[in-house]
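Enquirer: Before I ask anything, here is the structure I am working with.
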Amino acid sequence: MTIRVMLVDDQVLLRTGFRMVLAAQPDMEVVAEAGDGVEALQAVRSTAVDVVLMDVRMPKLDGVEATRRICAEQDPPKVLILTTFDLDEYAFSGLKAGASGFMLKDVPPGELLAAIRAVHSGDAVVAPSTTRRLLDRFAPMLPSTTGEPQHKELERLTEREREVMVLVAQGLSNGEIAARLVLSEATVKTHVGRILTKLGLRDRVQVVVLAYETGLVRAGGHG
């Protein structure tokens, strides 16, 4: 099955580079391009797209607001935000807006391709080490929480589910969590599924955001 990708960036040269990398893949096809968020929204409404590679800083409509609007569409594509280290807050805003993950713009081609495939399959937080580093850098911007995490929904979780949620938020994969807690990977996957259902979250990215916002995980990645 071919993954239909849309490239959204106001730099034509960058789009060309990404297009060349993607065109060489047997399972990917660039079906649309846009130079700003307004064009991206129009393209999503007129073209069948599976994954959007979204730049953040663009004219007319930035990537965060474009992501929010695209994710509000019926049956929206997955959005993968491309950012740079000095734009931490944009990455976080993008995740809150509904993006399925983010990568650094200078990511090696192999990692970018793996990220597109992961996002398309509905898989985990993209580039967990990057997720941790970025979240740690702007954790001071999050609402301050003291004592127990201030989020009623978290009370619905069992002790084990809470353990799993902390590890997901620290960027661990299902396999790594399974090894840490001495569980099978299938059991971890079940726990993650229950966490998403109980908390009404779409994917693991939202688990990370919620864990930091509620204080379940602190800056530095420790629960």
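The values are calculated or read from the model by the stated rules, or taken from the named source; none is laboratory data. Computed from a predicted structure; not experimentally measured. What goes into the accessible areas is simple: the full protein's heavy atoms, side chains included, and nothing from ligands, DNA or RNA. Shrake-Rupley method; radii C 1.70, N 1.55, O 1.52, S 1.80 Å.
Enquirer: Gap in Å between the Cα centre of segment 91-117 and the Cα centre of segment 152-218?
Expert: 20 Å
Enquirer: Oh, and also: Starting from the Cα gyration tensor of segment 38-87, take the square roots of the eigenvalues, sort them a ≥ b ≥ c, and report rounded, prolate or oblate (rounded when a/c is under 1.5, otherwise prolate if a/b is larger than b/c, else oblate).
Expert: prolate
Enquirer: Continuing with this model, one more query. Between Lys198 and Ala179, what length in nm is gained on full extension when 0.36 nm per residue of separation is reduced by their alpha carbon distance?
Expert: Values: separation 19, 0.36 × 19 = 6.84 nm, distance 2.41 nm.
Working it through step by step, the gained length comes to 4.4 nm.
Enquirer: Using 0.36 nm times the number of residues separating Arg57 and Arg19, minus their current alpha carbon distance, what extension gain do you get?
Expert: Gain on stretching Arg57 to Arg19: 11.7 nm.
Enquirer: Go through Val12, Val188 and list them by solvent-accessible area, largest first, probe radius 1.4 Å. Walk me through the intermediate numbers first.
Expert: Numbers: Val12 90, Val188 0 Å².
Largest accessible area first, the residues go Val12, Val188.
Enquirer: For segment 16-88, what is the accessible area per residue in Å², given a 1.4 Å probe and the full set of protein chains? Display every interim value, and only then the final one.
Expert: Details: 3390 Å² over 73 residues.
For segment 16-88, the per-residue accessible area is 46 Å².
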